[in-house]
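A.B. asks: Take this structure first; my questions come after.
The values are calculated or read from the model by the stated rules, or taken from the named source; none is laboratory data. All of these numbers come straight from a predicted model, not from anything done at the bench. Note: ideal-geometry Cβ built from the backbone for every residue, glycine included; neighbour counts use all protein chains shown. Areas reflect the complete protein model, heavy atoms only, side chains present, ligands, DNA and RNA absent. Shrake-Rupley method; radii C 1.70, N 1.55, O 1.52, S 1.80 Å.
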Amino acid sequence: MDNNCEKPKSYIGIVLALISFIVFTFWNRYAQGNDIWYDEVFSLSFAEHGFNEITALTSRDVHPPLYYFYLKAFTSIVSSITGQYSMIIIGKIASLIPWGFLFLISSTYIKDRFGILTFGLFSLMVTVMPQLPSYYFEIRMYSLALLFITAEILISFHILTNTDKNNNLSWILFFITGILTAYTQYYACIAIIGSYIAVFLCLLFIKGQKKSANLIRLAICSVLSVVCYLPWLPVLKAQIENISGKYWIQPLTLRSIAGCVKFVVLPVVYLGKMPEISAGLLLIGIAILTVLFIRKGKRDDFVMALCCLMPAFIVVLSGFILSALGTPIFVYRYLVPTLGGIWLLVALMAEKVIDKNYLLLLLVPILLVSILNIKGTVDEEGNKYYNIDHSYDVVLEVPKNSVIITNFDHVCAIMSYYRPDCSVLLYEGEIDQLLPDMLGNITDNVNDSDIQNLVKDNPENVYFWGSFNSREEIVASWEKLGISNELLDNILIERYWINVYKLGVR
């Protein structure tokens with residue numbers, strides 16, 4: 001394309017990259033709150049143990065250990081530098097770090113290799129598109145896995161477009177990034193298998209003098225990856241047996257394919273039909289872009305497309321296979337680590353086939369989805385951020401050595417982490433046994449008789465943190481047993497409003 005077309009695209013790319021940087025800087029404020037949710041209790045609890053203990057504990061969890069090693073190392077280093085600082089905030093910062101590396105990769109390799117518009121569009125979309133923002137300050141492994149898989153896609157492309165050169169360093173990086181990803185999260189591991197499949201398929205069809213040598217390198221990487229994963233396979237087998245038949249995830253159906261698409265493109269915001277309209281416009285724009293790309297694309301473009309899409313495709317396919325085998329362990333958020341590849345491909349297609357006259361037609365739905373999703377993120381995370389100060393004050397007001405009764409396992413886990421100096425009980429329910437073993441102050445399956453005895457023996461310091469509408473029915477039933485209740489406050493914990501009652505003897 002001529003320079004008259006390239007200049008506007010470059011200017012737009014720079015503006016979009018700047019917007020992504022500003023928005024992400026704004027996201028950082030949401031990492032400054034002490035709010036956490038159920039899964040994050042596991043992360044924080046693992047990180048407070050030694051590395052050997054982390055390995056033993058994660059063998060009883062449903063994820064491999066690398067992210068927890070990363071979190072442990074990061075929190076230890078930052079804590080030693082800053083002194084006494086909230087582990088929760090440090091943990092959130094640890095999830096922000098991968099975005100910095102994504103932006104660095106985008107502003108260097110992606111910009112130089114694919115163009116400034118690709119750099120800007122990718123930076124924007126990987127920052128603000130649906131689902132992604134919250135995972136940059138959630139204390140889980142998703143942002144780290146997103147970084148690894150996006151890097152693996154770019155390394156794969158670099159290998160496949162330089163097959164006649166000595167690429168030993170690239171192959172080494174391909175192997176190392178792959179095995180690190182495999183030890184970060186299981187569906188991220190499956191996504192890496194997708195990258196290996198993409199490289200294999202491309203090597204079969206790409207002509208070159210070193211075709212056989214590259215296939216041998218791929219085989220060596222594959223064998224080394226299996227060897228490096230062998231020590232963890234017995235643990236994986238035990239984890240699968242542990243969750244088989246009792247996991248809460250529903251089996252996948254054909255409707256789940258539409259659910260995956262909806263998850264990727266639908267802004268998470270409550271604003272009438274605007275989310276659906278914006279998502280529909282975006283899908284139309286991507287469909288037109290894809291048709292133009294197929295018509296105008298060159299060999300390397302299709303290589304990149306395969307590298308970008310295969311990880312997500314294999315993740316979804318494996319979800320269906322596991323569901324058909326009776327082990328439905330796929331949820332839509334497992335796609336998050338593969339979204340870097342999807343949005344990179346969209347950005348690349350825009351760079352390759354859209355001229356300045358039609359660029360705005362693509363940018364309008366992207367910006368509309370982005371703006372709506374920014375609003376949704378501000379609404380959701382802002383609500384938690386602005387409420388956590390009061391909620392956390394109420395948490396700290398509970399006297400030391402008190403008894404806290406809950407009727408929801410999520411609140412039970414969070415209160416156990418917040419208040420290790422109190423006994424936390426789960427009323428008529430079970431909790432993951434790993435949490436009582438790690439935290440030491442949780443008791444589940446508590447019944448009415450147990451609570452009667454607790455209130456009788458300790459009438460001053462027994463509290464009920466009631467969730468859902470059933471809390472009124474519970475305290476009403478306790479009144480009949482001679483247990484009084486005083487409503488102290490209504491606070492937001494995780495995403496749930498909790499009634500805080502002080503119990504006593506009538």
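A.B. asks: Could you tell me which residue of segment 9-32 is most open to solvent (accessible area, probe 1.4 Å), considering only residues that are hydroxyl-bearing (Ser, Thr, Tyr) and over 18 Å from the mean Cα position of the chain (by Cα)? Give the steps one after another, and end with the answer.
C.D. replies: The first filter runs over segment 9-32 and keeps only residues hydroxyl-bearing (Ser, Thr, Tyr), leaving 10-11, 20, 25, 30.
From the residues that got through so far, the ones that are over 18 Å from the mean Cα position of the chain (by Cα) too are 10-11, 20, 25.
Working: 10: 32, 11: 142, 20: 0, 25: 76 Å².
Across segment 9-32, the extreme among qualifying residues is 11.
A.B. asks: I would also like to ask the following. Identify the residue in segment 375-394 that is surrounded by fewer than 16 Cβ atoms within 10 Å (Cβ to Cβ) and within 20 Å of the chain's Cα centre (by Cα) and, among all such residues, is farthest from residue 22 (Cα to Cα).
C.D. replies: Just the residues of segment 375-394 that are surrounded by fewer than 16 Cβ atoms within 10 Å (Cβ to Cβ), to begin with: 379, 382-383, 386, 389-390, 393.
So of that shortlist, the ones also within 20 Å of the chain's Cα centre (by Cα) come out as 379, 382-383.
Values: 379: 18, 382: 17, 383: 21 Å.
Taking the candidates together, the pick is 383.
Residue by residue, here is whether (1) touching a strand residue (DSSP E or B) at 6+ places or on another chain (Cβ under 8 Å); (2) at pLDDT 95 or above; (3) crowded, with 24+ Cβ neighbours inside 10 Å holds:
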{"residue": "153", "(1), (2), (3)": "no, yes, yes"}
{"residue": "176", "(1), (2), (3)": "no, yes, no"}
{"residue": "186", "(1), (2), (3)": "no, no, no"}
{"residue": "204", "(1), (2), (3)": "no, no, no"}
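A.B. asks: A follow-up question, please. If a residue must be part of a loop (DSSP other than H, G, I, E, B) and in contact with a helix residue (DSSP H, G or I) (Cβ under 8 Å, 6 or more places away or on another chain), how many such residues does segment 317-336 contain? Walk me through it before giving the result.
C.D. replies: Going through segment 317-336, the residues part of a loop (DSSP other than H, G, I, E, B) turn out to be 325-331.
Next, from what is left, pick out any that are in contact with a helix residue (DSSP H, G or I) (Cβ under 8 Å, 6 or more places away or on another chain): 327-330.
Selection size over segment 317-336: 4.
A.B. asks: Looking only at segment 58-110, filter to residues that are small (Gly, Ala, Ser) and assigned to a loop (DSSP other than H, G, I, E, B); which one of those is surrounded by the most Cβ atoms within 10 Å (Cβ to Cβ)? Full working, then the answer.
C.D. replies: Here is the first cut: in segment 58-110, the residues small (Gly, Ala, Ser) are 59, 73, 76, 79-80, 83, 86, 91, 94-95, 100, 106-107.
Right, trim to assigned to a loop (DSSP other than H, G, I, E, B) and you get 59, 83, 86.
Values: 59: 16, 83: 7, 86: 13.
Step by step, filter segment 58-110, then rank; the result is 59.
A.B. asks: Hey, does segment 419-431 have a residue that's within 21 Å of residue 387 (Cα to Cα) and surrounded by 13 or more Cβ atoms within 10 Å (Cβ to Cβ)?
C.D. replies: The answer is yes, given that some residue of segment 419-431 is within 21 Å of residue 387 (Cα to Cα) and surrounded by 13 or more Cβ atoms within 10 Å (Cβ to Cβ).
A.B. asks: Quick check: anything in segment 33-51 part of a helix (DSSP H, G or I), open to solvent by 50 Å² or more (accessible area, probe 1.4 Å) and free of Cβ contacts under 8 Å to residues at least 60 places away in the same chain?
C.D. replies: Filtering segment 33-51 down to residues part of a helix (DSSP H, G or I) leaves 38-47, 51.
Filter once more, keeping what is open to solvent by 50 Å² or more (accessible area, probe 1.4 Å): 51.
So of that shortlist, the ones also free of Cβ contacts under 8 Å to residues at least 60 places away in the same chain come out as 51.
The answer is yes; a qualifying residue exists.
A.B. asks: So, residue 440, is that one under 30 Å from the mean Cα position of the chain (by Cα), surrounded by fewer than 17 Cβ atoms within 10 Å (Cβ to Cβ) and among the small types (Gly, Ala, Ser) or not?
C.D. replies: On the way: under 30 Å from the mean Cα position of the chain (by Cα): yes; surrounded by fewer than 17 Cβ atoms within 10 Å (Cβ to Cβ): yes; among the small types (Gly, Ala, Ser): yes.
Taking the combined requirement at face value, the residue satisfies it.
A.B. asks: Separate question: Given the options 127, 118, name the one that is touching a Pro at 6+ places or on another chain (Cβ under 8 Å), crowded, with 22+ Cβ neighbours inside 10 Å and either in contact (Cβ under 8 Å) with a residue 12 or more places away in the chain or hydrophobic (A, V, I, L, M, F, W, C) (or both).
C.D. replies: Step by step, each of 127, 118 is checked, and only 127 is touching a Pro at 6+ places or on another chain (Cβ under 8 Å), crowded, with 22+ Cβ neighbours inside 10 Å and either in contact (Cβ under 8 Å) with a residue 12 or more places away in the chain or hydrophobic (A, V, I, L, M, F, W, C) (or both).
A.B. asks: Let me ask something else. Inspect segment 369-378 for any residue being assigned to a helix (DSSP H, G or I) and farther than 30 Å from residue 154 by Cβ and give the result as yes or no.
C.D. replies: Step one: filter segment 369-378 for residues assigned to a helix (DSSP H, G or I), giving 369-378.
Checking which are farther than 30 Å from residue 154 by Cβ leaves us with 375, 378.
Within segment 369-378, one or more residues are assigned to a helix (DSSP H, G or I) and farther than 30 Å from residue 154 by Cβ.
A.B. asks: Quick one: how many residues across segment 113-165 are farther than 22 Å from residue 264 by Cα and in contact with a His (Cβ under 9 Å, 6 or more places away or on another chain)? Please lay out each step first, then the result.
C.D. replies: If we filter segment 113-165 for residues that are farther than 22 Å from residue 264 by Cα, which is where we start, we get 113-116, 155-165.
Right, trim to in contact with a His (Cβ under 9 Å, 6 or more places away or on another chain) and you get 113.
Residues meeting the conditions: 1.
A.B. asks: Sort out which residues of segment 54-96 are at pLDDT 90 or above and either on the phi > 0 side of the Ramachandran plot or charged (D, E, K, R) (or both), and write them in order of number.
C.D. replies: Passing the criteria: 72, 92.
A.B. asks: Right, another one. Would you say residue 475 is more than 38 Å from the chain's Cα centre (by Cα), closer than 15 Å to residue 506 by Cβ and part of a helix (DSSP H, G or I)?
C.D. replies: no
Residue by residue, here is whether (1) closer than 26 Å to residue 237 by Cα; (2) touching a Gly at 6+ places or on another chain (Cβ under 9 Å) holds:
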position	(1), (2)
136	no, no
161	no, no
173	no, no
180	yes, no
186	yes, no
190	yes, yes
200	no, no
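A.B. asks: Right, next: Starting from segment 5-19, take each residue that is farther than 9 Å from residue 120 by Cβ and list its partners that are assigned to a helix (DSSP H, G or I) and open to solvent by 10 Å² or more (accessible area, probe 1.4 Å), counting only C-beta distances under 6 angstrom and pairs at least six apart or across chains.
C.D. replies: 5/356; 8/356
A.B. asks: Can you pull out the residues in segment 273-316 that are closer than 21 Å to residue 197 by Cβ and part of a loop (DSSP other than H, G, I, E, B)?
C.D. replies: Of everything in segment 273-316, just one residue is closer than 21 Å to residue 197 by Cβ and part of a loop (DSSP other than H, G, I, E, B), namely 297.
A.B. asks: To continue, here is another question. Out of curiosity, is residue 230 closer than 21 Å to residue 310 by Cα and exposed (fewer than 14 other Cβ atoms within 10 Å of the Cβ)? Reasoning before the result, please.
C.D. replies: Details: closer than 21 Å to residue 310 by Cα: no; exposed (fewer than 14 other Cβ atoms within 10 Å of the Cβ): yes.
No.
A.B. asks: Filter segment 309-360 for residues that are polar (S, T, N, Q) and open to solvent by 10 Å² or more (accessible area, probe 1.4 Å); which is farthest from residue 128 (Cα to Cα)? Break it down into steps so the answer makes sense when it comes.
C.D. replies: Narrowing segment 309-360 to residues polar (S, T, N, Q): 318, 323, 327, 338, 357.
Now restrict to residues that are open to solvent by 10 Å² or more (accessible area, probe 1.4 Å): 318, 323, 327, 357.
Values: 318: 27, 323: 31, 327: 33, 357: 25 Å.
So, considering only residues that are polar (S, T, N, Q) and open to solvent by 10 Å² or more (accessible area, probe 1.4 Å), the one farthest from residue 128 (Cα to Cα) is 327.
A.B. asks: Taking the stated definitions as given, is residue 372 open to solvent by less than 40 Å² (accessible area, probe 1.4 Å), modelled with pLDDT of 95 or more and in contact with a helix residue (DSSP H, G or I) (Cβ under 7 Å, 6 or more places away or on another chain)? Break it down stepwise before answering.
C.D. replies: Working: open to solvent by less than 40 Å² (accessible area, probe 1.4 Å): yes; modelled with pLDDT of 95 or more: yes; in contact with a helix residue (DSSP H, G or I) (Cβ under 7 Å, 6 or more places away or on another chain): yes.
Answer is yes for this residue.
A.B. asks: Among the residues of segment 448-491, write down those that are within 15 Å of residue 423 (Cβ to Cβ), open to solvent by less than 70 Å² (accessible area, probe 1.4 Å) and among the polar types (S, T, N, Q).
C.D. replies: 458, 461
A.B. asks: Could you tell me how many of the residues in segment 246-274 are open to solvent by less than 80 Å² (accessible area, probe 1.4 Å) and at pLDDT below 75?
C.D. replies: Counting residues in segment 246-274 that are open to solvent by less than 80 Å² (accessible area, probe 1.4 Å) and at pLDDT below 75 gives 2.
A.B. asks: Against the definition (crowded, with 16+ Cβ neighbours inside 10 Å and modelled with pLDDT of 90 or more), how does residue 235 come out, yes or no?
C.D. replies: On the way: crowded, with 16+ Cβ neighbours inside 10 Å: yes; modelled with pLDDT of 90 or more: no.
Considered against the rule, which asks whether it is crowded, with 16+ Cβ neighbours inside 10 Å and modelled with pLDDT of 90 or more, residue 235 comes out as no.
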